[in-house]
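The values are calculated or read from the model by the stated rules, or taken from the named source; none is laboratory data. Everything numeric here is computed off the predicted structure, so don't read it as measured data. Methodologically, a virtual Cβ is constructed for each residue, glycine included, from the backbone with ideal geometry; neighbour enumeration extends over all protein chains shown. Surface accessibility is based on the protein's heavy atoms, side chains included, excluding ligands, DNA and RNA. Shrake-Rupley method; radii C 1.70, N 1.55, O 1.52, S 1.80 Å.
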Amino acid sequence: EAGVVQSPRYKIIEKKQPVAFWCNPISGHNTLYWYRQNLGQGPELLIRYENEEAVDDSQLPKDRFSAERLKGVDSTLKIQPAELGDSAVYLCASSPGYENSPLHFGNGTRLTVT
Amino acid sequence: AQSVTQLDSHVSVSEGTPVLLRCNYSSSYSPSLFWYVQHPNKGLQLLLKYTSAATLVKGINGFEAEFKKSETSFHLTKPSAHMSDAAEYFCVVSELGSNYQLIWGAGTKLIIKP
């Protein structure tokens, strides 16, 4: 099966600029996650979708971050405007959706804000 | 409340010697436990998971982990390290009925000396 696909792989922007990340999950996976991973740390959940519904966005900084999964398949995560502290790897993962099903991760997007 | 502690931020072993990566958890109910591996500039990959079946769990690449309820531990082991095992390893806990909430450890970087 094809894995989780993320793009771009790397992104360098200046602070205050907008940026968007795209994720295409494994076919048939209803659950989609966006994580942020800072250097030397574990992933932190930003948002979780069940189909097109955001069921957990409690950790998403809603003043500057937004996400969508309009048709319940691929998803976009946006930051506007970006801040220096947003520099991190943004990981997308998908799973079949039953409890404790394993997550399948993409290779991530490494964002550098200068 | 759930929590997970990876006791070592770095572990260094020689190629061909055993590997031990330590993980302790805190959970009010029946936990599910996972180990994920992250190679440099790659996404995370599931190594193995425990979900209340056999306490000794075998994973990919020769890794295994033992769930010890009395010690609240889920240590990851491998009899003989290979250079390709050099990566970051994350212990993850999920609690039954926690609505898919995953708690990630801070990670252990495994260094393999030739």
In region B:22-80, residue least open to solvent (accessible area, probe 1.4 Å) [restricted to those that are within 14 Å of another protein chain (Cβ to nearest Cβ) and of a type in the set (D, E, K, R)]: B:Lys49
Quick one: what pairs do we get from region B:55-75, first residue in contact (Cβ under 8 Å) with a residue 40 or more places away in the chain, second open to solvent by 50 Å² or more (accessible area, probe 1.4 Å) and not hydrophobic (A, V, I, L, M, F, W, C), C-beta under 6 Å, 6+ apart or different chains? B:His75/B:Arg22
Hey, among the residues in region A:34-64 that are within 10 Å of another protein chain (Cβ to nearest Cβ) and within 12 Å of the chain's Cα centre (by Cα), which one's most open to solvent (accessible area, probe 1.4 Å)? A:Glu44
Only one of A:Ile26, A:Ile12 that is in contact (Cβ under 8 Å) with a residue 40 or more places away in the chain, assigned to a loop (DSSP other than H, G, I, E, B) and either in contact with a Ser or Thr (Cβ under 9 Å, 6 or more places away or on another chain) or of a type in the set (D, E, K, R) (or both): A:Ile26
Total residues in region B:12-48, condition closer than 24 Å to A:Asn107 by Cα and in contact with a Ser or Thr (Cβ under 9 Å, 6 or more places away or on another chain): 4
For the subset of region A:88-114 comprising residues that are surrounded by fewer than 20 Cβ atoms within 10 Å (Cβ to Cβ) and facing chain B (nearest Cβ under 7 Å), which member is nearest to B:Trp35 (Cα to Cα)? A:Pro102
Of A:Arg48, A:Arg36, which residue is within 27 Å of B:Pro31 (Cβ to Cβ), in contact (Cβ under 8 Å) with a residue 24 or more places away in the chain and charged (D, E, K, R)? A:Arg36
Of all strands (runs of 3 or more DSSP E) completely enclosed by region B:46-109, which ones contain at least 1 residues that are within 27 Å of A:Tyr49 (Cα to Cα)? B:87-95, B:102-104
Any idea which of B:Val13, B:Val92 is open to solvent by less than 80 Å² (accessible area, probe 1.4 Å) and more than 14 Å from chain A (Cβ to nearest Cβ)? B:Val13
